[in-house]
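Below is one structure; the comments refer to it alone.
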Amino acid sequence: MIKKAIASLLILLAITWSFSALMPSEPSSADVDLKSFSTARALVHLEQISKVPHSLGTEGHKDVRNYIIEQLEKLGLKTQIQEGFTLTGWGNLAKPKNIIARIEGSEPGKALLLLSHYDSSPHSSYGASDAGTGVVAILEGLRAFLSRDEQPKNDIIILITDGEELGLNGADLFVNKHEWAEDVGLVLNFEARGSGGPSYMLVETNGGNKNLITSFIQANPSFPVANSLAYSIYKMLPNDTDLTIFREDGDIDGFNFAFIDDHFDYHTALDTYDRLDKESLEHQGDYLMSLLDYFSMENLTNLKSEDDHVYFNAPVVGLMSYPFSWIWPMLVLAFVIFGILIYFGFKTRRLNLTDVGRGAIPFFGSLISSALLAQLLFFVLSELLYPGYAEMLHGFTYNGYTYIATISLFSVGLCFWWYARFYKPGNTASLFITPIFVWLIIGILMALNLKGGSFFIIPVYFALFSFFMLILQRKPNLIFMALLSFPLLLIMSPFIKMFPVGLGLGILFVSGLLIALYFGLLIPVVGFFKHKRRWSILITLVGFGFLIATHFQSDFNEERPLPNSLIYMLDADKNSAKWLTYDKRLDTWTREVVGEDPKEVTETSGPILSSKYGTGFSYERETELRPLVYPEIELYKDTIIGEMRKVSLYIASKRPVNRMDIYANSNLRFKEMTLNGVKVQKQDPTGWVFQNRNSDRLFSYFVSNNEPLELEILFPKDQSTTLELYESSNDLLTNRLFNISPRNKDMIPKPFILNDAIIIKKTIVVR
């Protein structure tokens, strides 16, 4: 009984340790050595640059830029501003202003580049985490580094980009137009996709990662959190970072560092100084100082490699890696050992064919029922009981962590229930065959399709040793068997949380699957637990307790505000106007304007000005015209060149605006297009100008200083070309022509969409 209790405590200890060891437990204070990074000192900067939203073109944006320049110059660095129009693959035109500085090294060679961005997401985000933490980590890290009065071997370039949130425009401007870009040998990019939690390292390289991972391990950060599966998942997301431009356009390798917990704060008015987990900033600082110390002195010309490594982190051992070339030999060896143990087990009559067959039932029953329960529960909660969840475009609700805990407990309860029905004393070894075999099959699938996840084989080797002990001893030492489960729990436990946090609660079933998979490899311990039905009932009841807790956290309040949206659109062609909202469910604030019975918006209602999450307008209501000043549109050049026609358009706003969206029917053809002097480079295979992700949207122009748009297009002379201009300003709540009530304190502007906007729609026909 005592051994079972100790074994249980060891399992709980390993799970707890797997999470607690991921990041610093507390931020560093202001009185640490001046040559060391201090989170408290960095927070002084963060408080200043996150006072107001500061997306590109806003007054707050200018103030933040000036503050950063001032702080760099206080460190004795000479700064420069790089400014110019860019159009990236996102189809967004902007005029970013990058902040650049350089520290000279003692030897020639490639430079180390420290990277983050200072613009916040339009239009309500305060940008404290994304990416204020990156900016202040660099400022404080440079202060500590320079205070040592030691010249690095390599040049260090500091690049605080602009326009990252619009389409990586600042990075595009630097990589493709700045002379220093050719000097860069490695990039350290600091980002955030939430407001807390551990910072994950993600490698970006066009080749193999061997030298990068080897160097990262040698840099020896205190809390390395990384695995080779994560970058594959990252590439599946509709997200890029500035580092993507360095890799794609400059073939420059680098490391991303980003924390993703509290994802519901991402790009919202909740991305504030107060909501930031200060330990996350400490984690960024630890990465920065470790890698700055190392790479400022190392040769950066030999980081390219054709070979890849599998890598993963665990407490005590830090980051471990091994070559891709080991993947298949490790799999084959595991299968051979597995086969030998099965042969030995049947020969010694410790395995029973009937029990082996019966052992598959609880394992697959646990897998299937855990996944189905998770999906069913999420459907009932999000679609039936709490439809307000649909307004959170992140896909991760404020009570999301409690849902993860609920599903985890329910899944463990289901596992105990299934094994209680099929377990009998003496058949533990037979029950263990199916879980090991499935994990080996997963290893094959990883090796074939997702080599970065091949470290899943590591826990299998320890499971094989446990299997050997079960064959040798009918009742092995449970404490020793629990210790053999540590690699599984220490390496794999964080994935239960990481997947639904990073990808949304819509894949909560993955947490259920993982629990069942892990439980299968814990059979050498939990298989010997008596009263499995009681364990099932007890753990399930605790799960219900968490489920009840989620209900009391499901409402919206000042701490968990409801995202909503409102837009006024004036159609200058039809001389009409209407209110629009993206909200699926109207609340008291939107209903006050849109009305009790608004018209549902259909796909044929026109361009939806959608976000990366495919969000379109939900409801509309006709309303009165307001005396807005229409944009000036002038066709100032029209030339026939053979079978083609070149037209130059000038579009100038007569009111302060934030963006212009230009739409054209997807069947229109353009041979060439130039926007404010920037030539559109991407073309489809037929040679015609490439249309953007949204089939009808040509591009969006994010305006700064109310600069006009000059559009030059070359198209077939017999083509009747019609463009639609949507000119938008984010001043609906402050414009004196409107009398919109402020949002309630339990509401915030919905992110990822055009919001709180006044739009003028105007058709431009070139006949």
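The values are calculated or read from the model by the stated rules, or taken from the named source; none is laboratory data. As the structure is a computational prediction, the values presented were derived from the model and not from experiment. Neighbour counts are summed over all protein chains in view; Cβ atoms, including those assigned to glycine, are modelled from backbone coordinates with ideal geometry.
Summary table
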| quantity | calculated |
| --- | --- |
| Residue match in region 15-27 (condition: surrounded by fewer than 19 Cβ atoms within 10 Å (Cβ to Cβ), at pLDDT below 95 and more than 23 Å from Gly134 (Cβ to Cβ)) | no |
| Top-ranked residue of region 626-646 - restricted to ones that are among the hydrophobic types (A, V, I, L, M, F, W, C) and at pLDDT 95 or above, ranked as farthest from Phe670 (Cα to Cα) | Leu628 |
| Enumerated strands (runs of 3 or more DSSP E) restricted to region 1-105, each holding at least 1 residues that are of a type in the set (Gly, Ala, Ser), on the phi < 0 side of the Ramachandran plot and assigned by TED's automatic domain parsing to the domain that holds Asn176 | 92-94, 97-103 |
| Scan of region 697-728 for residues that are modelled with pLDDT under 90 and within 27 Å of the chain's Cα centre (by Cα), ordered by number | Arg697, Leu698 |
| Selection count, region 275-315, where residues are outside any strand (DSSP E or B) and more than 24 Å from Leu115 (Cα to Cα) | 4 |
| Within region 636-677, considering residues that are hydroxyl-bearing (Ser, Thr, Tyr) and either part of a strand (DSSP E or B) or surrounded by fewer than 19 Cβ atoms within 10 Å (Cβ to Cβ) (or both), the one farthest from the chain's Cα centre (by Cα) | Thr639 |
| Tabulated pairs, region 291-305, first polar (S, T, N, Q), second assigned to a helix (DSSP H, G or I), C-beta under 6 angstrom, 6+ apart or interchain | Ser305/Lys210; Ser305/Asn211 |
| Condition check for Phe752: among the aromatic types (Phe, Trp, Tyr), in contact with a Ser or Thr (Cβ under 8 Å, 6 or more places away or on another chain) and touching a residue at least 60 places away in the same chain (Cβ under 8 Å) | yes |
| Among the residues listed as Ser280, Ser325, the single one being closer than 30 Å to Asn211 by Cβ and in contact with a Phe, Trp or Tyr (Cβ under 6 Å, 6 or more places away or on another chain) | Ser280 |
| Filter result for the condition that a residue is hydrophobic (A, V, I, L, M, F, W, C), touching a residue at least 12 places away in the same chain (Cβ under 8 Å) and out of contact with any Leu (no Cβ under 9 Å at 6 or more places or on another chain), over Leu490, Leu513, Leu508, Leu517 | Leu490 |
| Region 617-635, residues that are in a strand (DSSP E or B) and either surrounded by fewer than 11 Cβ atoms within 10 Å (Cβ to Cβ) or among the acidic types (Asp, Glu) (or both) | Glu620, Glu622, Glu632, Glu634 |
| Only one of Ile471, Ile515, Ile491, Ile507 that is over 27 Å from Val317 (Cα atoms) and surrounded by 18 or more Cβ atoms within 10 Å (Cβ to Cβ) | Ile471 |
| Filter pass, Leu115 being crowded, with 23+ Cβ neighbours inside 10 Å, among the aliphatic types (A, V, I, L, M), under 18 Å from the mean Cα position of the chain (by Cα) and over 20 Å from Ala269 (Cα atoms) | yes |
| Output for region 207-222, where each listed residue is more than 16 Å from Val316 (Cα to Cα), assigned to a loop (DSSP other than H, G, I, E, B) and over 22 Å from the mean Cα position of the chain (by Cα) | Gly207, Gly208 |
| Which listed residue, of Leu276, Leu300, Leu373, Leu281, is over 30 Å from Ala137 (Cα atoms) and at pLDDT 95 or above | Leu373 |
| Search result, residues across region 329-388 that are under 30 Å from Arg585 (Cβ atoms) and of a type in the set (Phe, Trp, Tyr) | Phe378, Phe379, Tyr386 |
| Those residues of region 715-747 which are among the aliphatic types (A, V, I, L, M) and either assigned by TED's automatic domain parsing to the domain that holds His123 or buried (at least 18 other Cβ atoms within 10 Å of the Cβ) (or both), in sequence order | Leu723, Leu725, Leu732, Met747 |
| Out of Lys530, Lys475, Lys451, sole residue that is touching an Asp or Glu at 6+ places or on another chain (Cβ under 8 Å) and at pLDDT below 95 | Lys451 |
| Of all residues making up region 28-53, the number that are surrounded by fewer than 17 Cβ atoms within 10 Å (Cβ to Cβ), under 27 Å from the mean Cα position of the chain (by Cα) and closer than 14 Å to Arg143 by Cα | 2 |
| Helices (runs of 4 or more DSSP H) wholly inside region 459-549 containing at least 1 residues that are under 25 Å from the mean Cα position of the chain (by Cα), closer than 30 Å to Tyr613 by Cα and not β-branched (Val, Ile, Thr) | 486-492, 494-503, 508-521 |
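Let's see how each residue does on (1) at positive phi; (2) of a type in the set (Phe, Trp, Tyr); (3) touching a residue at least 12 places away in the same chain (Cβ under 8 Å); (4) not assigned by TED's automatic domain parsing to the domain that holds Cys415:
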position: Gly345; (1), (2), (3), (4): no, no, yes, no
position: Arg349; (1), (2), (3), (4): yes, no, no, no
position: Ala360; (1), (2), (3), (4): no, no, yes, no
position: Ser369; (1), (2), (3), (4): no, no, yes, no
position: Ala390; (1), (2), (3), (4): no, no, yes, no
position: Gly395; (1), (2), (3), (4): yes, no, yes, no
